[in-house]
Amino acid sequence: MASITITDVSKTYPGAKAPSVSGISLAIRDGELIVLVGPSGCGKSTLLRMVAGLEDISGGEVKIGDRVVNRIDPADRDIAMVFQNYALYPHMTVRENMAYGLKNRRTPGPEIEARVTEAARMLELGPYLDRKPRALSGGQRQRVAMGRAVVRQPSAFLFDEPLSNLDAKLRVTMRGEIRRLQKRLGTTSLYVTHDQLEAMTLADRLVVLNEGRIEQVGAPLDIYLRPASTFVASFIGAPAMNLLDAELDGARLRLGTSVIELGQLPGAKGAVTLGIRAEDLVPSATGLPFRTDFIEELGAQRLVHGHIDGQPLVLTLDPAMQIDSEMRLSVAAAKLHLFETSTGKRIATAARSGLAVPQPA
Amino acid sequence: MNRIKPFDHIILILGTLFMCVPVLVAVMTSTHSAVDIHMNGLYLTPGDNAVGTYQTVLTRQGGFTGQVTGLTMLMNSLILGIGFAVGKIVLSMAAAYALVYFRFRFATFLFWIIFTTLLLPLEVRIMPSYQVMSSLGLLNSYTGLIVPLLASATGTFYFRQFFKSVPDELLEAARIDGAGPWKFLIDILIPLSKTMMAAIFIIMFVYGWNQYLWPMLMTTEERFFTLMRGIKQILQVWIGSQIPDYNEAFALAVLALLPPVIVVVVFQRWFIRGLTESDK
C-alpha cells in the first residue's frame with residue numbers, strides 16, 4: 001500500500017516538437033482509484049507508462065510511497081500492470097502466468113502456490129488454472145491478467161485500458177469486478193481509459209487530460225456537475241453537454257432571440273459559451289423555441305435532437321411525454337454553465353435558484 | 001459434400017507417382033545384386049539381397065585406407081547436419097535478439113549488411129574460407145567443417161521478423177514481472193520461437209546434410225567422409241571389366257535419404273502444431 005506522488009512530470013519523445021505530457025502534478029492517496037481519461041493522444045497512457053517505468057521521464061518526479069522511482073527498474077517499483085491486450089505469456093498455463101513474477105522474485109514455492117490459489121478463488125479462475133491462455137475467452141484472459149497483478153501484492157495497480165478489447169456486455173461486468181476487487185484489496189490504482197462512462201463509474205477521482213495537460217481533477221459527480229472547461233463539459237457525460245453561443249449583457253443572457261435573466265451579475269460580459277445538460281431542459285409553456293429534428297430511442301428515455309435559433313441542441317425526455325415538432329423549453333438557473341468563449345474556461349458563478357424562464361427579447 | 005472430380009484426382013495421382021516412383025525404384029533396386037542390376041536395369045520389385053547389401057554398406061571397411069564404413073559416414077553426415085542446424089539456430093537467434101531488442105547505433109544498418117551476405121553463395125567465398133581454416137589448422141576437423149558455415153543471414157532474417165511480431169506488451173509484462181534480458185530470452189522468447197526453430201532446423205539440417213563441395217575441400221582424411229562423398233566413391237570404380245556396385249550405391253542413397261525424411265516428418269508435425277496452436 002502506498003501513495004503515488006507525481007510532481008511536474010513531463011515527457012517529450014525524441015524528435016517530437018511538442019511534449020506529449022507537460023508539467024503534470026497529481027497526488028494519489030493510499031488506496032484510491034484514480035482514472036485518467038481523455039481522447040486518444042492526450043498523454044494518459046504515456047503518463048501511466050512513466051509511473052510503471054516503461055517510459056523514461058523527461059522532467060519532474062514520480063514517487064511511489066516515499067521513494068523517488070524515476071531511475072528505478074519497473075520490476076523494483078513494486079507495481080503491477082494490466083495491459084489492454086492482456087499480454088499473457090501464450091506458452092504458459094494460467095497458473096504459470098500468475099506465478100512467473102513471483103518465481104522471478106524468488107518467492108518460496110508454497111507461498112506462490114497459496115497466493116495463486118487465493119487469487120484464482122477470488123477471480124473464479126480455479127477450473128482454468130492448467131489451461132493455456134488461448135483456451136480462454138476474452139473475459140477470462142482479462143481476469144488472468146488481473147490475477148497476475150493481484151498475486152504480486154504490489155503497492156499499486158496500473159491499468160492500461162484493460163477493458164477495451166472486450167465486448168460491451170462483458171465490459172460492464174468486468175468493470176464491476178475491477179471495482180469490487182480494488183475496494184476489497186484497497187490497493188492504490190491508476191486506471192487509464194478513453195471511455196468516459198467507464199471513467200465515471202470506476203473512479204474515486206477522475207483526472208481529465210487534454211493535449212498532455214490536466215483539464216480537471218475531481219470526484220466523478222463534481223466533474224459532471226461543474227465541468228471546469230468546455231472540453232470537460234463535452235467529454236464527460238452522454239449525450240455531451242449542449243454548448244451554445246450566447247451573449248452576456250449585465251445579468252441578462254442573450255441566446256438567439258431569447259433572453260434569460262440570471263438574477264445576478266456574473267464575472268464576465270460579452271460573448272460566452274452557455275452549457276446545458278440534455279436532462280436539465282424541460283418543456284414548458286414559454287421559453288426557448290425548440291424545433292425537433294429527429295428522435296433516438298434509448299428505452300428508458302428518449303434523446304430529442306433539434307435546434308434553437310439555428311444552434312443544435314439535444315434533450316432527454318421521458319418516453320411517455322409527447323413530442324411536438326415545435327416546443328418551448330426552460331431550464332433551472334442553477335443548471336446553467338457559463339464558459340469563456342475564447343479559452344473555454346468556466347466562469348465562476350454563485351449558486352442560483354429558481355427556474356430561469358427565457359423570455360422573447 | 002463436394003462431388004468427386006475424377007480429373008483432379010488423376011492429376012494428383014500422377015503427381016504422387018512422379019514424386020514417389022524414383023524413390024521406390026531406388027529402394028527396390030538396392031535389394032538386388034549388382035550383376036542383376038547390370039544385366040536387367042532398374043527393378044520395381046523387391047529382390048532377395050536386401051539384408052546382405054545393407055549390411056555390407058554399413059559395415060564394410062572401405063575406401064583407400066580401409067578406415068571408413070557406411071556407419072562412420074552416416075555419423076559424419078549427422079554431425080554435420082545437426083551441427084549446422086543447431087549452430088545456425090543459436091547464432092542467428094542471438095544475432096536477431098540483439099538486433100531487435102537492444103537499441104544500439106546502426107542496428108538497422110548492421111542488419112542490412114548481414115542481410116546482403118545472403119546474396120553471396122558459399123562458392124564465392126570458398127577459397128578464402130578454406131585459406132582461413134587452413135591457417136588455423138582446422139582442416140580435417142569437425143570444427144573446420146561446421147563453424148565457417150554457421151553465420152546465416154537467412155536464419156537471422158527469419159528470427160528478426162519473428163521477434164518483431166512478438167507484441168511489445170509481452171516484453172513490458174516480463175520487465176514488470178522482473179525478467180531481465182536473459183530470462184526474457186530463455187523463459188519467453190525461446191518457447192515462443194519453437195515453431196520458427198523447427199522450420200529453420202528442417203531447412204538447415206537438409207542444407208548441411210547435402211553439403212558436398214565444402215566437406216570435399218575441408219577433409220582429406222577418409223574418417224571424415226560424409227555419405228554424399230561415399231556414394232560418389234562407389235560409382236567411381238569403373239576400371240576395366242569391373243562392375244560398379246550399383247546395389248550398394250542405391251543402398252547408400254536410400255540411407256542418405258532417410259535422416260532428412262525423418263527430420264522433416266518429425267519437425268513438420270511440430271511445426272504445424274505450433275502454427276495452428278499459437279496465438280501471440
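The values are calculated or read from the model by the stated rules, or taken from the named source; none is laboratory data. None of the values given here were measured: they were computed from a predicted structure. No Cβ is skipped: glycine too gets one built from the backbone with ideal geometry, and neighbour counts run over all protein chains shown.
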Problem set entry | Residue selected from the stretch A:98-112 under the condition farther than 13 Å from A:G147 by Cα and surrounded by 14 or more Cβ atoms within 10 Å (Cβ to Cβ), by the criterion farthest from the other protein chains (Cβ to nearest Cβ) | A:T107
For this session: Name every residue in the stretch B:123-159 that is among the hydroxyl-bearing types (S, T, Y) and more than 20 Å from the chain's Cα centre (by Cα), in order of residue number.
Result: B:S129, B:Y130, B:S134, B:S135
Problem set entry | Residue that is crowded, with 19+ Cβ neighbours inside 10 Å, away from every other protein chain (no Cβ under 14 Å) and in contact with a Leu (Cβ under 8 Å, 6 or more places away or on another chain), where the choices are A:R152, A:R148, A:R95 | A:R95
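Residue-wise test of (1) among the acidic types (D, E); (2) within 25 Å of the chain's Cα centre (by Cα); (3) under 27 Å from B:L110 (Cα atoms).
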{"site": "B:Q161", "(1), (2), (3)": "no, yes, yes"}
{"site": "B:K164", "(1), (2), (3)": "no, no, yes"}
{"site": "B:L170", "(1), (2), (3)": "no, no, yes"}
{"site": "B:L213", "(1), (2), (3)": "no, yes, no"}
Seminar exercise, completed: Restricting the stretch A:317-333 to residues that are under 17 Å from A:G287 (Cα atoms) and small (G, A, S), the one surrounded by the fewest Cβ atoms within 10 Å (Cβ to Cβ) turns out to be A:S325
Seminar exercise, completed: Picked from the stretch A:37-81 (must be within 12 Å of another protein chain (Cβ to nearest Cβ) and part of a strand (DSSP E or B)), the residue nearest to A:S25 (Cα to Cα) is A:I79
For this session: Might you check whether a residue that is in contact with a helix residue (DSSP H, G or I) (Cβ under 9 Å, 6 or more places away or on another chain) and among the β-branched types (V, I, T) occurs anywhere in the stretch A:94-107?
Result: yes
Exercise. Does any residue in the stretch A:231-260 that is among the aromatic types (F, W, Y) come within less than 7 Å, Cβ to Cβ, of a residue that is in a loop (DSSP other than H, G, I, E, B) six or more places away or on a different chain, and which pairs are these?
Worked result: A:F231/A:G344
Exercise. Within the stretch B:65-77, is there a residue that is in a strand (DSSP E or B) and closer than 21 Å to B:Y246 by Cα?
Worked result: yes
Seminar exercise, completed: Scanning the stretch A:11-33 residue by residue, those assigned to a strand (DSSP E or B) and surrounded by fewer than 16 Cβ atoms within 10 Å (Cβ to Cβ) turn out to be A:G23, A:S25, A:A27
Exercise. Of all the strands (runs of 3 or more DSSP E) wholly in the stretch A:211-301, which have at least 1 residues that are assigned by TED's automatic domain parsing to the domain that holds A:D324 and within 30 Å of A:K17 (Cβ to Cβ)?
Worked result: A:242-249, A:270-276
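Residues checked against (1) within 30 Å of A:A348 (Cα to Cα); (2) of a type in the set (S, T, Y); (3) assigned by TED's automatic domain parsing to the domain that holds A:T286; (4) assigned to a strand (DSSP E or B):
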{"site": "A:V304", "(1), (2), (3), (4)": "yes, no, yes, yes"}
{"site": "A:P319", "(1), (2), (3), (4)": "no, no, yes, no"}
{"site": "A:D324", "(1), (2), (3), (4)": "no, no, yes, no"}
{"site": "A:M327", "(1), (2), (3), (4)": "no, no, yes, yes"}
Problem set entry | Answer from A:R148, A:R184, A:R152, A:R171 - the residue that is farther than 20 Å from A:Q84 by Cα, in the same structural domain as A:K11 (by TED's automatic domain parsing) and of a type in the set (K, R) | A:R184
Exercise. In the set A:G65, A:G23, A:G15, which member is without any contact (Cβ under 8 Å) to a residue 40 or more places away in the chain and in the same structural domain as A:F157 (by TED's automatic domain parsing)?
Worked result: A:G15
Seminar exercise, completed: Of the residues in the stretch A:82-109, those that are of a type in the set (S, T, Y) and outside any helix (DSSP H, G or I) come to A:Y86, A:Y89, A:T93, A:T107
For this session: Examine the stretch A:55-78 for a residue that is modelled with pLDDT of 90 or more, closer than 22 Å to A:R141 by Cα and not β-branched (V, I, T), and state whether such a residue exists.
Result: no
Problem set entry | Enumeration of residues in the stretch B:201-236 that are in contact (Cβ under 8 Å) with a residue 40 or more places away in the chain, of a type in the set (S, T, Y) and within 30 Å of B:Q268 (Cα to Cα) | B:Y207, B:T226
Exercise. In this structure, is B:P191 within 14 Å of another protein chain (Cβ to nearest Cβ), within 29 Å of B:L110 (Cα to Cα), free of Cβ contacts under 8 Å to residues at least 12 places away in the same chain and not basic (K, R)?
Worked result: yes
For this session: Would you mind stating whether B:G180 is surrounded by fewer than 17 Cβ atoms within 10 Å (Cβ to Cβ) and within 14 Å of another protein chain (Cβ to nearest Cβ)?
Result: yes
